[in-house]
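Working notes for the structure below.
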């Protein structure tokens, strides 16, 4: 249904006013017409849609938890939170861009059309260099040597997964470990190091991220198995029967992930009881119509990511905002 206004403007209007309004509208329209497509193209280039809803929420949850635990000024916390999210976006973009660059020829052989194919190789390499220097430089400039060392580890592991000479992507189980570390535990470790908030809950965040990253790699390799076999890419999924990997998912990886998620949620609920309540309510809500929603494996994959997105990312973000709003209202807390 289209919204229609019931108000009519006079047909005759001052031409000077009309020209000035047209100029303002045309100026803002020109900016939107230039900026928005650029962001859309950039998002497609780094395949943001594939990771922004799955990887970013857990990272944001860790940062929000760390900001709730430290006693820095409100404005500093706000700046650090935004800065760390920016660094995560750069790291995720770096990893996916490097992977697509390394797979250009293989993707062409199986008919996959990636946005990187429209760019020259030298341009993509220059982007990788700028992203790498940007992440390490930003960490060193704002957080010092320790954080920059963790940022360098994030960059090196992310590049080593995809690019030669190591190209861990085709080195068996090293691929699982490298991709899992680069996607989740190392960025989380960067956040906790930058904010100086290491504790048992922070360690649990990183361990849980490692298991989630391995689960994501197994699912990813299984979905790409046919294409990898067609072009001769060797992964664990091409070397082992799919049934064995599925049994590992059911018997080892998912139980470990859910166990760590339960422990971490319990640790968070000790400090924030409302998060525990939200977790119970959300899980019960997820189970409505349990028997009528298709195969359990894809459903479980999706429901775990929804839980992290809503309960961890959403509730912890709101908690951090609430805590900082209360502190902001107290006099003398802006310094």
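The values are calculated or read from the model by the stated rules, or taken from the named source; none is laboratory data. The model shown is predicted, which means the values in this text are computed figures rather than measured ones. Note that each Cβ is placed from the backbone with ideal geometry, even for glycine, and that neighbours are counted across all protein chains shown.
What helices (runs of 4 or more DSSP H), lying completely within segment 213-299, carry at least 3 residues that are modelled with pLDDT of 95 or more?
Here the list reads 254-271, 273-286.
Could you tell me how many of the residues in segment 150-173 are closer than 14 Å to residue 221 by Cα, surrounded by fewer than 18 Cβ atoms within 10 Å (Cβ to Cβ) and either at pLDDT 95 or above or touching a helix residue (DSSP H, G or I) at 6+ places or on another chain (Cβ under 8 Å) (or both)?
So the answer is 2.
Would it be correct to say that residue 210 is within 20 Å of residue 131 (Cα to Cα) and buried (at least 20 other Cβ atoms within 10 Å of the Cβ)?
Judged against the criteria, residue 210 is not a match.
Which residue out of 75, 133, 128 is in contact with a helix residue (DSSP H, G or I) (Cβ under 8 Å, 6 or more places away or on another chain) and either over 26 Å from residue 323 (Cα atoms) or in a helix (DSSP H, G or I) (or both)?
128
Among the candidates 107, 103, 77, which residue alone is buried (at least 18 other Cβ atoms within 10 Å of the Cβ), closer than 28 Å to residue 223 by Cβ and either free of Cβ contacts under 8 Å to residues at least 40 places away in the same chain or more than 14 Å from the chain's Cα centre (by Cα) (or both)?
103
Considering only segment 174-198, state which residues are assigned to a loop (DSSP other than H, G, I, E, B) and either in contact with a helix residue (DSSP H, G or I) (Cβ under 7 Å, 6 or more places away or on another chain) or at pLDDT 95 or above (or both).
Answer for segment 174-198, where residues must be assigned to a loop (DSSP other than H, G, I, E, B) and either in contact with a helix residue (DSSP H, G or I) (Cβ under 7 Å, 6 or more places away or on another chain) or at pLDDT 95 or above (or both): 184, 197, 198.
Within segment 117-141, work out how many residues are more than 20 Å from the chain's Cα centre (by Cα) and touching a residue at least 40 places away in the same chain (Cβ under 8 Å).
So the answer is 1.
Looking at segment 39-56, is at least one residue at pLDDT 90 or above, surrounded by 12 or more Cβ atoms within 10 Å (Cβ to Cβ) and assigned to a helix (DSSP H, G or I)?
Among the residues of segment 39-56, at least one is at pLDDT 90 or above, surrounded by 12 or more Cβ atoms within 10 Å (Cβ to Cβ) and assigned to a helix (DSSP H, G or I), which makes the answer yes.
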